[in-house]
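The values are calculated or read from the model by the stated rules, or taken from the named source; none is laboratory data. It should be emphasised that the depicted structure is a prediction, and the values quoted were computed from it without experimental measurement. We place every Cβ from the backbone using ideal geometry, glycine too, and count neighbours over all the protein chains shown.
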Amino acid sequence: MSKYTVQDIFQRYGYEYIKLNKLSKEQWKVFNAIMNCKTENLGYHIYTCSECGHQEIGFNSCRNRHCPMCQSYKREQWINKENNYLLNCQYFHIVTTVPYELNEIFMYNQKECYKILFKATSESILQLSSDPKWLGAKVGITSILHTWGQTLEFHPHIHSIVTGGGLNNNKWVGCKKNYIFKVQVLSSLFKKKFLSMLKSSDLKLPKELEHLKNINEFNKFLKPLYDKTWITYIEPPKGNPENVIEYIGRYSFRVAISNDRILDIDNGNVTFEYKDYKDEGKIKQMTINALEFIRRFMMHVLPEHFVKIKHYGLLSNRNKKSIIKLCRILIGQLIYSDFVSTTNKRQLYELKCSKCGCSKIDYKFVYPNKRQNLKLSLH
């Protein structure tokens, strides 16, 4: 268990921060959720064993997607669901990033820019994979938005898990071992698509960037970005296919920083660990002012209702189940083969009585300012 948490930082320094900074509606929700998570302010729940009558009481969690304490169960649920669509093939991990020069535009146009980031990424991967020069087939993509770097600075990028093969005229086309297409080609195509979409968007700009509303000025601003090499990664397949969903799940439900990276929060400062990718991934420590830590954390609060995990190609929602069944047959993998059944064996956390071990538990949830309590029995 972590010695310090993001909640500790918010509770100790949060009120000072909100006195000095204006929060958006969504940031207020996150701030209040983390402050009150697993405290009496959110009410409590009672576990009662149906066999021996033993009771345990705990505080309710906030269930906010930005809270470091509330992701485990959601992750397990998501992994169980996505296991149904796992194929017995290679999977590639692709990362697409945008240069830091666009950060300010992103901050003022988060929803629009994140949409463009998703769209440019998925279209680039689908276009290249369908090209006979490379794979010549339609692949499946699961894309996850991250907005942070290891030191909590603003760094929007997309992690995509891509099937190492796809469909072409109802035939399965597999990738050559550890190769799908050239990373330089993907980087160039993604850059062009992203900047083209950005130019056609109706952007909100701060006063210092209002001159960019003039199309000539905007083109002048973008020109160096066309000449720049954008950082893109394609990692070869790692491990067995049954480990892929676990791998995706770790990326899908991360928040800006996990509690176990926080080392100290004394004297108005926060010290945390980070991985320095510029120095061979060495683990280092950074100390910053607590108010700066909260500012950085709040930068990564997503717009309200914005979906940060999206599926494309073979995994797009339309006809997803039937397409995956077809792919399994074409790969030579029976729909209910040993491979599929083993990936579905993962069990969600099952609460058992700490006294007698019985799994017949009655739950009673008590919420503040509510006349009726929610009761349910799970067996």
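Quick notes on this structure:
- Selection from segment 147-163 of residues that are under 21 Å from Lys191 (Cβ atoms) and buried (at least 19 other Cβ atoms within 10 Å of the Cβ): Thr147, Pro156, His157, Ile158, His159, Ser160, Val162
- Matching option when the condition is at pLDDT 85 or above and of a type outside the set (A, V, I, L, M), among Ser61, Ser72, Ser50: Ser61
- Check on Asn41, surrounded by 16 or more Cβ atoms within 10 Å (Cβ to Cβ), under 27 Å from Asp260 (Cβ atoms), among the polar types (S, T, N, Q) and out of contact with any Phe, Trp or Tyr (no Cβ under 7 Å at 6 or more places or on another chain): no
- Test set (1) modelled with pLDDT of 95 or more; (2) surrounded by fewer than 16 Cβ atoms within 10 Å (Cβ to Cβ); (3) closer than 21 Å to Ser122 by Cα; (4) of a type outside the set (D, E, K, R) - Thr229 fails condition number: (1)
- Scope segment 232-250; condition surrounded by 16 or more Cβ atoms within 10 Å (Cβ to Cβ) and either touching a helix residue (DSSP H, G or I) at 6+ places or on another chain (Cβ under 8 Å) or of a type in the set (Lys, Arg) (or both); matching residues: Thr232, Ile234, Pro241, Glu242, Ile245, Ile248, Gly249
- Residue in segment 254-261 that is under 23 Å from Asn83 (Cβ atoms), assigned to a loop (DSSP other than H, G, I, E, B) and without any contact (Cβ under 8 Å) to a residue 40 or more places away in the chain present: no
- Figure legend. Inter-residue proximity from segment 1-14: first residues buried (at least 18 other Cβ atoms within 10 Å of the Cβ) and in a helix (DSSP H, G or I), second residues modelled with pLDDT of 95 or more and aromatic (Phe, Trp, Tyr), beta-carbon distance below 7 Å, spacing 6+ or different chains. Indicated pairs: Val6/Phe297; Ile9/Phe293; Phe10/Phe31; Gly14/Phe31.
- When segment 260-319 is filtered for residues that are touching an Asp or Glu at 6+ places or on another chain (Cβ under 7 Å) and surrounded by fewer than 16 Cβ atoms within 10 Å (Cβ to Cβ), the ones remaining, listed by number, are Leu263, Lys282, Ile283, Lys284, Gln285, Pro303, Glu304.
- In segment 222-253, the residues that are hydrophobic (A, V, I, L, M, F, W, C) and without any contact (Cβ under 8 Å) to a residue 40 or more places away in the chain: Leu222
- Test result for Phe181, under 26 Å from the mean Cα position of the chain (by Cα), of a type outside the set (Val, Ile, Thr) and part of a loop (DSSP other than H, G, I, E, B): yes
- Among the residues of this structure, Lys81 does not count as one that is within 21 Å of His305 (Cα to Cα) and in contact (Cβ under 8 Å) with a residue 40 or more places away in the chain.
- Condition met for Phe118 (closer than 24 Å to Leu315 by Cβ, modelled with pLDDT under 95 and in contact with a strand residue (DSSP E or B) (Cβ under 9 Å, 6 or more places away or on another chain)): no
- Restricting attention to segment 270-318, the residues being in contact with a helix residue (DSSP H, G or I) (Cβ under 6 Å, 6 or more places away or on another chain), closer than 18 Å to Glu153 by Cα and not in a helix (DSSP H, G or I) number 5.
- Candidates are the residues of segment 189-202 that are surrounded by fewer than 16 Cβ atoms within 10 Å (Cβ to Cβ) and out of contact with any Asp or Glu (no Cβ under 6 Å at 6 or more places or on another chain); the one that is farthest from Tyr233 (Cα to Cα) is Asp202.
- Whichever residue in segment 92-115 is under 18 Å from the mean Cα position of the chain (by Cα) and of a type in the set (Ser, Thr, Tyr) and, among such residues, is nearest to Lys204 (Cα to Cα): Tyr114
- Condition broken by Leu205, with the remaining ones in (1) under 21 Å from the mean Cα position of the chain (by Cα); (2) surrounded by fewer than 22 Cβ atoms within 10 Å (Cβ to Cβ); (3) under 30 Å from Ile288 (Cβ atoms) satisfied: (1)
- Taking every residue in segment 361-372 that is under 11 Å from Tyr44 (Cα atoms) and pairing it with any residue that is of a type in the set (Val, Ile, Thr) and modelled with pLDDT of 80 or more, at least 6 positions away or on another chain, the pairs with Cβ-Cβ distances below 9 Å are Tyr363/Ile46; Tyr363/Thr48; Lys364/Ile46; Lys364/Thr48; Phe365/Ile46; Val366/Ile46.
- Residue satisfying all of: in segment 277-333; hydroxyl-bearing (Ser, Thr, Tyr) and touching a residue at least 40 places away in the same chain (Cβ under 8 Å); farthest from Asn109 (Cα to Cα) among these: Tyr277
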